[in-house]
Each structure stands twice: as structure tokens, then as C-alpha cells.
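K.L.:
Below is one structure. I have some questions about it.
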Amino acid sequence: MAIAVIALPSVTKLPPETDGAVVVGGSHGAVYAAYLSARAGVRAAIHNDAGIGRDEAGVSGLAWADSHGMAMAAVLSSSARIGDGEDMLRRGIISRANAIATTCGVAPGQSAKEAVELLKAAPWPHTRPAPLAEGRSVAGRVICVDSISLGDGRDRGRVVASGSHGGVPAGETATAFAPRLALFNDAGFGMEHAGVAGLAILDRTGIAAAAVSTLSARIGDGRSTLVDGFLSEVNQTAYRLGARIGGSALALALAVAEKGLLTS
């Protein structure tokens with residue numbers, strides 16, 4: 001039976017046909033994203049390394065995938081747009097591979113096209129992972145989510161600090177529930193500044209958004225975005241609320257949350 005190769009903008013909502021397929025997902029390569037691929041039953045996954053970043057969080061999911069029997073690799077963020085699986089498949093260059101993927105012959109420097117063919121030999125099926133604890137918590141008046149996909153209607157008009165990259169899929173997801181301020185990780189900006197492309201989408205709908213440097217905060221960790229992050233990109237709506245490049249994400253979040261409290 002032919003093994004499918006499926007390219008998607010994000011792994012947050014994988015369709016049934018990804019079960020047993022080799023998936024090229026536009027998400028970062030941190031643990032939560034790796035978990036989502038494994039939960040969907042993919043044979044092997046290629047994500048974006050998101051600039052590697054603080055504590056190598058951008059590829060931290062590779063070791064997690066190894067421990068759960070799933071082959072996984074990451075493409076260099078400067079080689080293809082994060083949030084765009086088709087572009088990653090077309091232009092991506094492998095930067096990291098876990099032990100299972102390496103056994104299949106995947107190695108840094110290969111094209112993503114080469115890697116997906118090799119990953120068709122990855123072991124499958126593998127054990128479905130136990131559910132991860134929901135990556136959602138409250139820090140004072142700020143909601144922290146490890147993925148922007150965990151935001152919902154409860155968060156309308158609130159300050160949301162997410163561990164997601166700030167690319168197009170993240171911007172579209174946040175638009176749906178309309179926070180007052182959304183914070184993301186810049187994923188090292190990457191090819192064509194795709195790591196912050198979602199900020200303009202939010203700006204067009206009047207939603208303030210900013211990204212923190214991937215070197216300052218761990219991607220995939222909303223609390224780290226809030227507590228550790230320093231702003232590297234802000235949209236115009238956020239600028240009008242006082243956001244400035246180089247500023248503290250925590251200071252901005254608290255200031256905007258306080259303003260929202262006073263005007264609600």
C-alpha cells in the first residue's frame with residue numbers, strides 16, 4: 001500500500017487521513033506539537049525548527065517523539081516558511097533528526113523531499129501517547145496557553161500569552177476568539193519573516209499582537225513567553241497600547257490587562 005505524504009499549515013487539527021502518513025506540518029518542533037502529531041497516529045513527522053531558540057525548545061519534541069517510538073525531523077527555519085507545510089516540503093532543508101529518523105537515513109542537510117521518502121520506512125504503528133496535561137493556566141489577569149489553539153471564546157477581550165509561533169495559522173486562530181492582546185514567539189523570524197506574519201492579520205481586525213524573541217523564551221511554553229520574553233515584533237495596534245521592541249512581555253501584558261480591567 002502506498003504511504004501518503006501530507007503537508008499542512010499546522011498540526012493542531014490533523015485530519016483522519018494523516019493516520020499512517022508522513023506529515024510535513026508547519027508547526028514548531030517543541031513537545032506539544034510533537035504530541036499532536038503522535039496523537040493523530042502519523043507514521044513520521046517533519047516540523048519547523050523555529051530557530052531552535054532558548055533551551056533548544058524549537059526541536060525539543062524530537063527527543064519526546066523518540067521516547068514514544070515516532071520518527072521526527074525538523075527543517076531549518078531559514079530554509080522555508082513556518083506555518084506553511086507545503087513550502088517546507090518544497091524548499092525545506094533538514095536541520096535536526098531524532099534517532100528513529102536517523103535510522104531511516106534522515107540527516108541534516110538533506111532536502112525535506114528526500115527525507116519524506118526515507119521516512120516512509122519509519123516504524124508504524126507506534127504507541128499512542130497518553131494525554132498531555134492541558135497547556136493552559138492563569139497568571140494573574142493573563143491567560144497562558146502553550147498553543148494558541150487552546151484559546152477560545154472564554155478569552156475574548158483578554159490578554160493571552162501563547163507558546164505558538166506568530167505565523168499565519170496562529171494569527172488566523174487568534175482572530176477567531178479576539179483577545180485584547182495576543183503574545184507569540186517569533187520562531188527566529190525565519191524565511192520571509194513567516195514567524196511573525198500573523199501579527200499583520202490580527203492588526204487588520206484591530207487586535208493587538210506582539211512576538212517575543214525565540215532566544216528569550218521557550219517556544220511551545222506560554223508561561224515562558226509571558227515571564228521570560230522580550231518583544232521582538234509588535235503590530236500597530238499593540239504599539240498604540242504601548243508595546244515597544246525590546247520591552248518586557250510581562251510588563252506589556254500587565255499594563256494591557258490593567259487597562260482592560262479599568263475599562264470593562
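The values are calculated or read from the model by the stated rules, or taken from the named source; none is laboratory data. Just so you know, these numbers come straight off a predicted model, no measurement behind them. Using ideal geometry, Cβ is built from the backbone for each residue, glycine included, and neighbour counts are taken over all protein chains shown.
K.L.:
If the requirement is being under 12 Å from the mean Cα position of the chain (by Cα), farther than 21 Å from residue 124 by Cβ and not aromatic (Phe, Trp, Tyr), which of these qualifies: 93, 82?
P.N.:
None of the other options fit; the residue is 82.
K.L.:
Also, I was wondering about something else. Could you go through the range 176-184 and let me know if any residue there is surrounded by 20 or more Cβ atoms within 10 Å (Cβ to Cβ), under 15 Å from the mean Cα position of the chain (by Cα), more than 22 Å from residue 37 (Cα to Cα) and not assigned by TED's automatic domain parsing to the domain that holds residue 92.
P.N.:
Scanning the range 176-184, I find at least one residue that is surrounded by 20 or more Cβ atoms within 10 Å (Cβ to Cβ), under 15 Å from the mean Cα position of the chain (by Cα), more than 22 Å from residue 37 (Cα to Cα) and not assigned by TED's automatic domain parsing to the domain that holds residue 92, so the answer is yes.
K.L.:
Which one is surrounded by the fewest Cβ atoms within 10 Å (Cβ to Cβ), of the residues in the range 84-112 that are assigned to a loop (DSSP other than H, G, I, E, B) and in contact with a helix residue (DSSP H, G or I) (Cβ under 6 Å, 6 or more places away or on another chain)?
P.N.:
The selected residue is 105.
K.L.:
Being buried (at least 24 other Cβ atoms within 10 Å of the Cβ) and in a loop (DSSP other than H, G, I, E, B) narrows it down to one residue among 81, 128; which is it?
P.N.:
81
K.L.:
Can you confirm whether residue 206 is on the phi > 0 side of the Ramachandran plot and surrounded by fewer than 21 Cβ atoms within 10 Å (Cβ to Cβ)?
P.N.:
When the stated conditions are applied, residue 206 passes them.
K.L.:
Out of (1) at negative phi; (2) more than 18 Å from the chain's Cα centre (by Cα); (3) assigned to a loop (DSSP other than H, G, I, E, B), the odd one out for residue 66 is which?
P.N.:
So the condition that residue 66 fails would be (3).
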